[in-house]
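K.L.:
Supplied in structure tokens, the structure appears directly below.
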Amino acid sequence: MSAATAFAQFHAWEFGIMAGAGNYAGDINNMFRNGSDDSKEWNQFESSFNFYNAHAMGGLIARYNFNPRWVFRGSLLFSKLSGDDKHFSNDRNLNFHSALQELAAVFEFNFLDYRTGSLQHRITPYIFGGLALFHFNPKTEIVDKNGQTVTLELHQMHTEGQGFYADKSNYHLWQISIPFGLGMKFSLSQYVCVGIEWGFRKTFTDYIDDISSEYAGRNNIMYAVNENAARASDRTNELEGFEGVYHKEGEMRGNPTTNDWYNFFGITLTTKLSTGRTKCLKH
């Protein structure tokens, strides 16, 4: 009985890869054009469907099949997120890019009985949901006073006064998200499962893009941090026809009532562990 139990547990594991694309939805979108904002949390989620600025995504996944319906999955995925006001004719003129790493644990629910290697139960749609830990670090490029292009880590620039205003602490680069979505999986052979899925990530930070609330004022940023930080915090003046235009302290820079989202869509390819005794699954 012990040997049979150990074999069943061993056979329940599948390991593989996921590859596809990831994209961002946040304060850089068409709802912020011309400095107006009437967005809600639903609008942030809805804007996830436009596949804006998608970048390559990939990583490792592992599944443990409790039974033909319930599955636990762990994953380690890597991608990139970015956004630019120029894509939406927004005279705020901010932009960012960030590498993204995500460690997630989710449960999948198969709508149909599914077993990799089965001839009868070989395809099913599924949904999933769980919890993830992710890391980001928004950056941008500016031209400094010497005419040189430099890359800035925006977290260290305190672009909205985070860290030097008493009531505004700086944001953390490690955050929690709630992954959820849907997919379809198919038993390609006796040992291989292929799937396609689309997953959304609801986060609890509004700073993936380093944009959330109000301008801190050019002079305040310059005094508290440095000139490069001041250049990164307010970039309207870089646009043709807006030379010398800077926003006043307290003017709207983003929408603090909604948090940012990111999304992954792609293909999974897993193989099950087996000792070769798989005839019982072919039914």
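The values are calculated or read from the model by the stated rules, or taken from the named source; none is laboratory data. From a predicted model like this one, the values you see are computed outputs, not experimental measurements. Methodologically, a virtual Cβ is constructed for each residue, glycine included, from the backbone with ideal geometry; neighbour enumeration extends over all protein chains shown.
K.L.:
Please name all residue pairs, on different chains or six or more residues apart, with Cβ atoms under 6 Å, provided the first residue is in the range 210-238 and is in a loop (DSSP other than H, G, I, E, B) and the second residue is of a type in the set (S, T, N, Q) and surrounded by fewer than 18 Cβ atoms within 10 Å (Cβ to Cβ).
P.N.:
Arg235/Asn93
K.L.:
Could I ask something else about it? Looking at the range 243-257, can you tell me whether even one residue there is in a helix (DSSP H, G or I), closer than 15 Å to Leu94 by Cα and touching a residue at least 24 places away in the same chain (Cβ under 8 Å)?
P.N.:
Within the range 243-257 (the criterion being in a helix (DSSP H, G or I), closer than 15 Å to Leu94 by Cα and touching a residue at least 24 places away in the same chain (Cβ under 8 Å)), the answer is no, since none of the residues qualifies.
K.L.:
Continuing with the same structure: In this structure, does Ala105 turn out to be within 30 Å of Tyr215 (Cα to Cα), exposed (fewer than 15 other Cβ atoms within 10 Å of the Cβ) and free of Cβ contacts under 8 Å to residues at least 40 places away in the same chain?
P.N.:
Against the criterion (within 30 Å of Tyr215 (Cα to Cα), exposed (fewer than 15 other Cβ atoms within 10 Å of the Cβ) and free of Cβ contacts under 8 Å to residues at least 40 places away in the same chain), Ala105 does not qualify.
K.L.:
Against the conditions (1) farther than 26 Å from Tyr126 by Cβ; (2) at pLDDT below 75; (3) charged (D, E, K, R), where does Glu46 fall short? Just the number, please.
P.N.:
Glu46 satisfies all of (1) farther than 26 Å from Tyr126 by Cβ; (2) at pLDDT below 75; (3) charged (D, E, K, R) except (1).
K.L.:
Across the range 127-182, which residue is surrounded by the most Cβ atoms within 10 Å (Cβ to Cβ) among those that are part of a loop (DSSP other than H, G, I, E, B) and of a type in the set (Asp, Glu)?
P.N.:
Glu160
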